[in-house]
Ligand SMILES: [Zn+2]
């Protein structure tokens, strides 16, 4: 089966770890900009490929 890339799907590794949801409309960034809430199962998780856009780009304090 050849499924063309779908802009409405997040990367496989960013999918909900609980139910595997990948549709971008079902994965909602919560206010801290670090985590995503899955609208399908209400799980909240931190996707490994979170994007820097829309927030500060993970400004880790350097010594
Ligand atoms: Zn889910």
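Figures for the structure shown
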| item | result |
| --- | --- |
| Contour minus Cα-Cα distance for residue 25 and residue 2 (0.36 nm per residue) | 6.0 nm |
| Theoretical gain in end-to-end length, residue 11 to residue 41 [0.36 nm per residue, Cα-Cα removed] | 9.0 nm |
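A short reminder: the numbers here are calculations on the coordinates, not readings from a lab. Nothing here was measured: the structure is a model prediction, and the numbers come from that model.
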